[in-house]
1. Suppose the filter is under 27 Å from residue 297 (Cβ atoms), out of contact with any Lys or Arg (no Cβ under 9 Å at 6 or more places or on another chain) and either without any contact (Cβ under 8 Å) to a residue 24 or more places away in the chain or among the β-branched types (Val, Ile, Thr) (or both); does residue 237 pass it?
2. When only residues in segment 112-132 that are in a loop (DSSP other than H, G, I, E, B) and among the small types (Gly, Ala, Ser) count, which is surrounded by the fewest Cβ atoms within 10 Å (Cβ to Cβ)?
3. Please find, among 275, 308, 290, the residue that is more than 13 Å from the chain's Cα centre (by Cα) and either among the small types (Gly, Ala, Ser) or open to solvent by less than 10 Å² (accessible area, probe 1.4 Å) (or both).
4. Which of (1) away from the ligand (no atom under 16 Å from the Cβ); (2) loosely packed, with under 15 Cβ neighbours inside 10 Å; (3) under 11 Å from the mean Cα position of the chain (by Cα) does residue 284 not meet, given it meets every other one?
5. When residue 181 is evaluated against the numbered criteria (1) under 22 Å from residue 106 (Cβ atoms); (2) at pLDDT 90 or above, which criterion, by number, is the only one it fails?
6. Test of understanding: among 207, 270, which residue is within 12 Å of the ligand (Cβ to nearest atom) and under 17 Å from residue 114 (Cα atoms)?
7. Hey, among the residues in segment 293-305 that are more than 10 Å from the ligand (Cβ to nearest atom) and more than 13 Å from residue 262 (Cα to Cα), which one's surrounded by the most Cβ atoms within 10 Å (Cβ to Cβ)?
8. Check segment 270-278 and report whether any residue there is at pLDDT 95 or above, assigned to a helix (DSSP H, G or I) and either under 22 Å from residue 83 (Cα atoms) or not aromatic (Phe, Trp, Tyr) (or both).
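The values are calculated or read from the model by the stated rules, or taken from the named source; none is laboratory data. Just so we're clear, the structure is a prediction, and the values are computed from it rather than from any experiment. Methodologically, a virtual Cβ is constructed for each residue, glycine included, from the backbone with ideal geometry; neighbour enumeration extends over all protein chains shown. What goes into the accessible areas is simple: the full protein's heavy atoms, side chains included, and nothing from ligands, DNA or RNA. Shrake-Rupley method; radii C 1.70, N 1.55, O 1.52, S 1.80 Å.
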Amino acid sequence: MFTSLSDRLTATFKNLRGKGRLSESDVNATIRDIRMALLDADVALPVVKEFTRGIRERALGAEVSQALNPGQQVVKIVNDELIRVLGGETRQLTFAKKPPTVIMLAGLQGSGKTTFAGKLGKLLKDQGHYPLLVAADLQRPNAVTQLEVVADRAGVLSFAPERGNVGGHDAVTESGEGTRSFGDPVAVARAGVGQATLRGYDIVIIDTAGRLAVDENLMEQARDIRDAVQPDEVLFVIDAMIGQAAVDTAHAFQDGVDFTGVVLSKLDGDARGGAALSVASVTGRPIMYASVGEQVKDIEVFHPDRMASRILD
Ligand code: GDP
């Protein structure tokens, strides 16, 4: 991930090394190289434009640091702009004043939602929380079982609609409320939050159904779940490998259900990085986590500044 972009930017900066002063044509040539590198990395055009505009303004502006030579200054400016495009500050989860904190996941099928539910569950459990995973993806026959498996691996509990109980390690057999909800994802989500409240789980992570392409039924279902459980966070999970399609997909989910944060999944893959660099910028929503593998431990809190350094390393 980002290897090619990183190599290209490093090569561009090398050309500036040793220059005493940057002329306007040096800056223009550099910006042209950066623009090509970003486009080749699948970054969306509006983001590339905004990015290069920011660099040009600052590079040609009066900003002169005594401590840095001109080449270093350009690297610093690009670094700052990358951080900005990636969302600026690291954004932490918002916890509900009165538990449980409800976190709903949304995204296309195969984007990595279910896997991420387990990862986030484990991360939060390791921080001392008591998360409950709720399987409100009733679209795919295997989704509920998959969530149970993931929860088990993460060492957290899951709420499974067909049994109407809390399952996994230390399963607490519970009948009643959940049993009525079979087949209805909204009712499952609501019952899951009810179970969490009843049993003292302080975090509820709701996995929802995805489709292979954005469709209105999916959005309506996601909206219904959102309206029923009033989540503290809606996290949009997006596969970093989808490249240019990232922007349209993100807009569709923003319009359809809206979200408070982004999870970039499959960042361990050989994607060129365009989705990562476009989504926060075009939606104005922060990237909060990166999913970097298939195991439950493969999750990172997303820090824009560290990601920028990684790209410019
Ligand atoms: P969902 O349909 O959105 O719930 O997606 P899943 O969680 O089922 O993930 C779809 C596929 O992607 C599965 O084979 C996962 O193992 C895989 N996957 C999920 N997250 C990652 C990741 O961060 N890296 C890699 N390499 N694979 C992932």
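1. no
2. Once the filter is applied, the top-ranked residue is 128.
3. Of the residues listed, the single one that is more than 13 Å from the chain's Cα centre (by Cα) and either among the small types (Gly, Ala, Ser) or open to solvent by less than 10 Å² (accessible area, probe 1.4 Å) (or both) is 308.
4. (3)
5. (2)
6. 207
7. So, considering only residues that are more than 10 Å from the ligand (Cβ to nearest atom) and more than 13 Å from residue 262 (Cα to Cα), the one surrounded by the most Cβ atoms within 10 Å (Cβ to Cβ) is 296.
8. No - not one qualifying residue is present in segment 270-278.
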